[in-house]
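Below is one structure, written out as structure tokens; comments come after it.
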Amino acid sequence: MSEIAHGAGGPIPAAEVPEMELPHPHGWWSTYVFSQDAKVIGIQYSLTAIAIGLVALVLSWLMRLQLGFPGTFSFIDPPAYYQFITMHGMIMVVYLLTALFLGGFGNYLIPLMLGARDMVFPFVNMLSYWIYLLAVLVLVASFFVPGGPTGAGWTLYPPQAILSGTPGRDWGIVLMLVSLCLFIAGFTMGGLNYVVTVLQARTRGMTLMRMPLTVWGIFTATVMALLAFPALFVGAVMMLLDRLIGTSFFMPMLVEFGQQLRHGGGSPILFQHLFWFFGHPEVYIVALPAFGIVSDLISTHARRNIFGYRMMVWAIVIIGALSFVVWAHHMYVSGMNPYFGFFFATTTLIIAIPTAIKVYNWLLTLWRGNIHLTVPMLFALGFIVTFVNGGLTGLFLGNVVVDVPLSDTMFVVAHFHMVMGVAPVMVIFGGIYHWYPKVTGRMLDDTMGKIHFWVTFLGAYAIFFPMHYLGLLGVPRRYHEIGETSFVPASAQDLNAFISVVALVVGAAQLLFLFNLVWSLRYGRESGPNPWRATTLEWQTPQTPPGHGNWGPELPVVHRWAYDYAVPGVAEDFVPQNQPHPAPGHAAQGHAT
Amino acid sequence: MTAALLLIGALAAIAGWWLARHGIAAKPWLETGPAVDLRPDDATAGSAARIGLGVFMAVATALLVLLLSAYSMRRELADWSPPPQPPVLWANTVLLVLASLALHRAVLAARRGDRDATGSWLLAGAGASLLFVLGQLLAWRQLAAAGFVLTSNPADAFFYLITAVHGLHVLGGLVALGRAGARLRRARLDALRLGVELCAAYWHFLLLAWLLLFATLAFSPSLDWLIALCTAPFG
């Protein structure tokens, strides 16, 4: 392949990419369990994340049962309800979304899409997964300790998180904080790999601006996560010290049951700043990989080059940078200098600009595209709709005056579930349907996939759209039971019951998806190497599923960007990235200019 | 959080500059030429390790700067009473400077290919660093003896926490240094050179970090002027 490059292109010698020394597995254990192969690690990350995500799904069912039919289920008492809320939120945001996008998709796709044999530090990469697994196990352990898991809310605000009124105060909160610290340590190892691999292990010809947007999204999100997670780490360590040793980083002087506690002089607001300095970038740590993946899905399944590739890349980078200066919009009601509120509202609204650019570019990619309504495409389209919807309510909440009355109502719950719950999960599903054939060599079942999509998409709307209205009525979040209030009409309860029933159905549809994953492994249609006729490198591997080292004896050479679909004058409607340009003088010089 | 914002701003500037130099303005859809590689030519395993260390140091910087941010936010409150700084901290600072210098000499020796001198300087650097850690422990004991313990007051707790985090980074560095030293005889010369260079870079980072932390803990320089500057247009 390298000869063609030189022959066709003239004398521009490209830098040789040095061959990596790969650790070769010996036997079953080092091939499938203690593997240093990024593909296996990616699958391990994904399966672990999905497994713990199932726990979070069941917890959401339990919460909805309580909200929809209060008083019916005696085992869901207020402490249990708070524990379900807390663990559901924490698992979904950190242990499912972050781990699946960066650890799962990142590990599997980065080396393949860049034409690398593996991540640059395979051993550290393996360590990253095992520490993540340990973090998950510590988290799960908190369900079985005396007092159960923490019920402090996923934001873990002190002082209540470590006061004796809060469920899980004895063991749950300690395990939660330890688990978070482990997760961050594990993630840092993985993140180091993703960043250095993107910077150093790209194959010949894979310039930064020829990288698929999936890689751009994961790369930028990883850089952000590496800088944002330390804030959570600092907060978690300080709270652990407050809880275990009795320091007073976050604990003010408190009187509990008439007894003065030994704490004194701490600042609870300090924790909020640290938490949201991590927490807001976290939203984009989840969103940016979704943006990248959805761009590739849309381009591939609409057979059109992505509209405004450069703008897409710049928007990803700009969103990544801006997301670090908006955190205090989560703290409008915590009390702050009004100038700060003004500042943070402004930055929050400014983020809408690059985000809107991305949405327009997706739409313009679709425009006059040859749209194939495959399952990945359906999920990509579902993502755009849901994300726009959730993003618009974000504009409401970003304004201080609108946020203050809506804060801590169901409106906020509906907003963030739309924008960073349902939307990224749609992309995860889309991504799994899209790349499953590469991972297993078989297609996921189409009919089950379509049922899964429609139930999930319509169901998500049926759940979260009415929730906005509940919030506007003033129904507060985190309440075990609304009870009698003057401002919430009785019909709100009917709506809650409706939402709960839909939530059960949508949850059941996810079980169909899991069944599909297992069933298709055995009975799915053979996919061949490139079922979607896609251009990016992972579809051009010599074997499907790709073997150890990904490529044959020679690394691929990249000759073009990732989006040569329906190029005028070319017979096939896609041109893989590693296909050379025809020599000058030959017929098809029909590149879009 | 002023310090954290300054760090993010600086990193964003570096990233922007780097991206601008690496063709972020390219129009890949127009490229019909052969595979042109815009990466610098030093794409070797060594530079992957170098960049890896650079990224790690950026993460560690973020961690320390966030600690400092928390520290300076807490310091604004009225009841702030920082503990006295034990004089042994000055001796520790000198030790860390010496360790950094020793590792610099080790790099020079490794570049010359002089394994014996490299080993001696590595040993000197490691010894000085170990003494630094012991000195920090001594400072803790002196503070505790004077009645300033973790639980007495947030200012004291911050002192212990920040020095502990820095000390753990030194210990982690010593592990890496030990591994580089253990391969002193066996390693190929370029691998040895790389390992020693990485250790030295990390030690310079540790020194810089300590100087910053020490200055903040002991002298509490204020960034008030910066806040005043930023809020002036609204005042």
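The values are calculated or read from the model by the stated rules, or taken from the named source; none is laboratory data. All values derive from a computational prediction rather than experimental measurement. Note that we place each Cβ from the backbone using ideal geometry, even for glycine, and neighbour counts take in every protein chain shown. Ligands, DNA and RNA are stripped out before the accessible areas are found, and what is left, the full protein with its side chains, is counted by its heavy atoms. Shrake-Rupley method; radii C 1.70, N 1.55, O 1.52, S 1.80 Å.
Listing for the model above:
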| item | result |
| --- | --- |
| Residue order for A:S30, A:S299 - accessible surface, 1.4 angstrom probe, largest first | A:S30, A:S299 |
| A:V33 versus A:W367: modelled label distance in nm, points set 7 Å from Cα along the beta carbon direction | 5.6 |
| Within region B:81-110: backbone nitrogen closer than 12 Å to the B:Q142 label point (7 Å, Cα to C-beta) | B:84-93 |
| When region A:33-211 is reduced to its Cα atoms, the Kirkwood hydrodynamic radius in Å | 17.4 |
| Surface accessible to a 1.4 Å probe, B:D116 within the full protein complex, Å² | 100 |
| Extension gain from A:R310 to A:Q160, taking 0.36 nm per residue of separation minus the Cα-Cα distance | 49.3 nm |
| Simple label model, 7 Å out from Cα along Cβ direction - B:D114 to A:A356, nm | 6.6 |
| Kirkwood Rh in Å, taken over the protein assembly as shown so that all alpha-carbon pairs contribute | 28.4 |
| Kyte-Doolittle at least -0.5, axis length at least 24 Å by Cα - qualifying DSSP helices, chain A | A:38-68, A:122-141, A:172-200, A:213-244, A:268-301, A:338-366, A:375-398, A:423-440, A:446-473, A:491-523 |
| Region B:135-180 - Rg over Rh from alpha carbon coordinates, Kirkwood radius | 1.13 |
| Per-residue SASA entry for B:W90, accessible area with 1.4 Å probe, Å² rounded to 10 | 140 |
| Residue mean of other protein chain beta carbons inside 10 Å, A:548-559 | 1 |
| Reachable aspartates and glutamates, given that their alpha-carbon falls under 17 Å from the alpha-carbon of A:K358 and they are not under 8 places away in the same chain | A:D296 |
| Region A:439-593: radius of gyration over Cα atoms, expressed as a fraction of 2.2 N^0.38 Å | 1.69 |
| Residue mean of other protein chain beta carbons inside 10 Å, A:233-245 | 3 |
| Translational diffusion coefficient (Stokes-Einstein; Kirkwood radius from C-alpha pairs) of region A:401-488 at 4 °C, 1.567 mPa s, in µm²/s | 85 |
| Nearest-10 value in Å² for the accessible area of A:M410, using the 1.4 Å probe | 20 |
| By accessible area with a 1.4 Å probe, ligands and nucleic acids excluded, highest first: order of A:Y469, A:Y194 | A:Y469, A:Y194 |
| Summed buried accessible area for B+A [probe radius 1.4 Å, Å², rounded to 100] | 5200 |
| Separation of the B:F219 and A:R303 label points, Cα + 7 Å toward Cβ, nm | 6.9 |
| Per-residue mean of C-beta atoms belonging to partner chains within 10 Å, peptide A:313-323 | 2 |
| Chain B: relative contact order in percent, alpha carbon pairs under 8 Å with at least 6 residues between | 24 |
| DSSP H segments from chain B that extend 24 Å or more along their own axis, Cα-based, with Kyte-Doolittle mean of -1.0 or above | B:2-21, B:45-75, B:88-112, B:115-145, B:154-182, B:189-219 |
| Candidates per trypsin sites (Lys or Arg not before Pro) in region B:158-227, loop by DSSP, up to 14 other Cβ within 10 Å | B:R183, B:R185, B:R186, B:R188 |
